Amino acid sequence: MPKQVHLAAHFPGVNNTTVWSDPAAGSHIEFSSFVRFAQAAERGKFDFLFLAEGLRLREQNGAIYDLDVVGRPDTFTVLSALAAVTEHLGLAGTINSTFNEPYEVARQFATLDHLSGGRAAWNVVTSWDAFTGENFRRGGFLAQDQRYERARTFLQTVTELLDSWHGDEVVADKESGVFLADPAAGSFAHADAHFDIAGRFDVPRSPQGRPVVFQAGDSEEGREFAASAADAIFSRHATSEAGQAFYSDVKGRLPRYGRRKEDLLILPAATFVIGDTDAEAADLAAEVRKQQVSGSTALRKLEEVWNRDLSGYDPDGPLPDVDPVIGEHTVARGRASVRMNRDPMAVAAAWREQAEAKGLSIRELMIQISSRQDFVGSAATVAAQMDDLVQSDASDGFILVPHITPGGLDPLVDQVVPLLQERGVYRTDYEGTTLRDNLGLPPLG
């Protein structure tokens, strides 16, 4: 039997993938946009909708980054509202383990799971910068090993809180007047280097017992954390060779935690452009790239590496002849790419070499390195590409990120999904009642 393809949808907000200036683009904060997006995903029988989370607006040269001004609405509020307008779609939210507390997060996920009938999922993340920490009482940040240690014990503590109810305590016998079979229901105590709490957890066990757990880290610590505790891991590796290497590495870590390869799904993020023909899709993809990386956006992305104000440069001209500024201070605060480019001088040298070899301007270079479509072609081509990657163990499915919000999912749902169904690798209807069921994950022990 062929593997089944898993699909999910990422509501992208405003970033360098989204073309917010396109005439077809709508609001990224009005509830109607979330409803349309979620219902398109459910029409396509997707596993879940995924919301990213940011705890601070990013900055560039001391001003709010111009692709972030839409704001960042609260994840739990949006997902709880979507529970009322969907029936089967999983509701996945990114919730930070560095600046939240286990009791509060456990209550919120237990509540969401109840309200949605068992469709809650949690993308466990950590926060790496003091810039974000300034929004919180503690401030500051944790070193990477401490961040993941706190994340591990945070997840463990949340699980203990959720497991303090077993599911059979509420009898609500009206004749006898007995409501709880176990007077000690919800009792907990947890003490470690990060948390010292004890009391009574106040939400009875939810349909799934706990949310499906996602993890998105690509570091050694992130991969190990996913292998030990996650139900799915998001990946940046969408090509065949890189995907297979990541897939093999992460799945290979599972046996030492007593887990099987089917106990963890690997779901890379993927963008797409669909046309009537492959040639039409390629032309459209080139136009989308130009929309995604305007001249001002190109300069801002270059500033992330050069660490200096480059607003005086022509985006259609050559790269700056000055070198990056090295140091702890960054002009692009809150941008993950700053952390990823740990050797700015080496990155700048490589970019100069690439630009000179191909005669690329700043904008043309930024288009090449920063914006891509993972699936480009006719519906038949895209369906075949997706199926091939899943069957060759490069992934178990994809988190799809459209460039138009909220209607960007429609071409894939209406054109590609039916072809995957014809191939026998994609559901024609939801099989279970909970997200865990529909993901094919084993029941909780």
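The values are calculated or read from the model by the stated rules, or taken from the named source; none is laboratory data. Keep in mind that what you see is a predicted model, and the values were worked out from it rather than measured. Note that we place each Cβ from the backbone using ideal geometry, even for glycine, and neighbour counts take in every protein chain shown. Side chains included, ligands, DNA and RNA excluded: accessible areas come from the protein's heavy atoms. Shrake-Rupley method; radii C 1.70, N 1.55, O 1.52, S 1.80 Å.
For this structure, a couple of remarks:
- Failed condition for residue 207, given (1) within 21 Å of residue 90 (Cβ to Cβ); (2) open to solvent by less than 40 Å² (accessible area, probe 1.4 Å); (3) not in a strand (DSSP E or B): (2)
- Candidates 184, 245, 189: the one that is open to solvent by 40 Å² or more (accessible area, probe 1.4 Å) and in a strand (DSSP E or B) is 189.
- Index of the failed condition, residue 72 passing every other in (1) open to solvent by 10 Å² or more (accessible area, probe 1.4 Å); (2) in contact (Cβ under 8 Å) with a residue 60 or more places away in the chain; (3) of a type in the set (Lys, Arg): (2)
- Candidates 249, 283, filtered to the one that is free of Cβ contacts under 8 Å to residues at least 40 places away in the same chain and closer than 30 Å to residue 228 by Cα: 249
- Identity of the residue in segment 28-41, open to solvent by 30 Å² or more (accessible area, probe 1.4 Å) and not β-branched (Val, Ile, Thr), that ends up nearest to residue 389 (Cα to Cα): 39
- Lone qualifier among 44, 90, 117, 62 - being open to solvent by 60 Å² or more (accessible area, probe 1.4 Å) and not acidic (Asp, Glu): 62
- Residue identified as free of Cβ contacts under 8 Å to residues at least 60 places away in the same chain, buried (at least 17 other Cβ atoms within 10 Å of the Cβ) and more than 16 Å from the chain's Cα centre (by Cα) among 82, 67: 82
- Among the residues of this structure, residue 103 counts as one that is within 30 Å of residue 147 (Cβ to Cβ), open to solvent by 30 Å² or more (accessible area, probe 1.4 Å), of a type outside the set (A, V, I, L, M) and in contact with a strand residue (DSSP E or B) (Cβ under 7 Å, 6 or more places away or on another chain).
- Test result for residue 50, open to solvent by 10 Å² or more (accessible area, probe 1.4 Å), in contact with a strand residue (DSSP E or B) (Cβ under 6 Å, 6 or more places away or on another chain), touching a residue at least 60 places away in the same chain (Cβ under 8 Å) and aromatic (Phe, Trp, Tyr): yes
- Count of segment 192-204 residues, restricted to those that are more than 25 Å from residue 112 (Cβ to Cβ) and part of a strand (DSSP E or B), is 1.
- Screening segment 264-279 for residues that are touching a residue at least 60 places away in the same chain (Cβ under 8 Å) and over 16 Å from the mean Cα position of the chain (by Cα) and picking the one that is most open to solvent (accessible area, probe 1.4 Å) gives 276.
- Positions within segment 366-382 being in a helix (DSSP H, G or I), surrounded by fewer than 23 Cβ atoms within 10 Å (Cβ to Cβ) and modelled with pLDDT of 95 or more, in sequence order: 379, 380, 381
Per-residue answers, yes or no, for (1) within 20 Å of residue 374 (Cα to Cα); (2) in contact with a Lys or Arg (Cβ under 8 Å, 6 or more places away or on another chain):
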| position | (1), (2) |
| --- | --- |
| 285 | yes, no |
| 292 | yes, no |
| 304 | no, yes |
| 307 | no, no |
| 313 | no, no |
| 320 | no, no |
| 327 | no, no |
| 331 | no, yes |
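- Residue count for segment 1-13, restricted to those that are assigned to a loop (DSSP other than H, G, I, E, B) and crowded, with 18+ Cβ neighbours inside 10 Å: 3
- Selection from segment 134-181 of residues that are among the polar types (S, T, N, Q), under 24 Å from residue 109 (Cβ atoms) and in a helix (DSSP H, G or I): 146, 153, 156, 157, 159
- Residues of segment 14-27 satisfying the condition of being at pLDDT 90 or above, of a type outside the set (A, V, I, L, M) and surrounded by 14 or more Cβ atoms within 10 Å (Cβ to Cβ): 26
- With respect to the conditions (1) in contact with a Gly (Cβ under 7 Å, 6 or more places away or on another chain); (2) open to solvent by 50 Å² or more (accessible area, probe 1.4 Å), residue 129 falls short on a single one, namely (2).
- The condition (being in a helix (DSSP H, G or I), touching a residue at least 24 places away in the same chain (Cβ under 8 Å), open to solvent by 50 Å² or more (accessible area, probe 1.4 Å) and under 27 Å from residue 266 (Cβ atoms)) is satisfied by just one residue among 385, 421, 415: 415.
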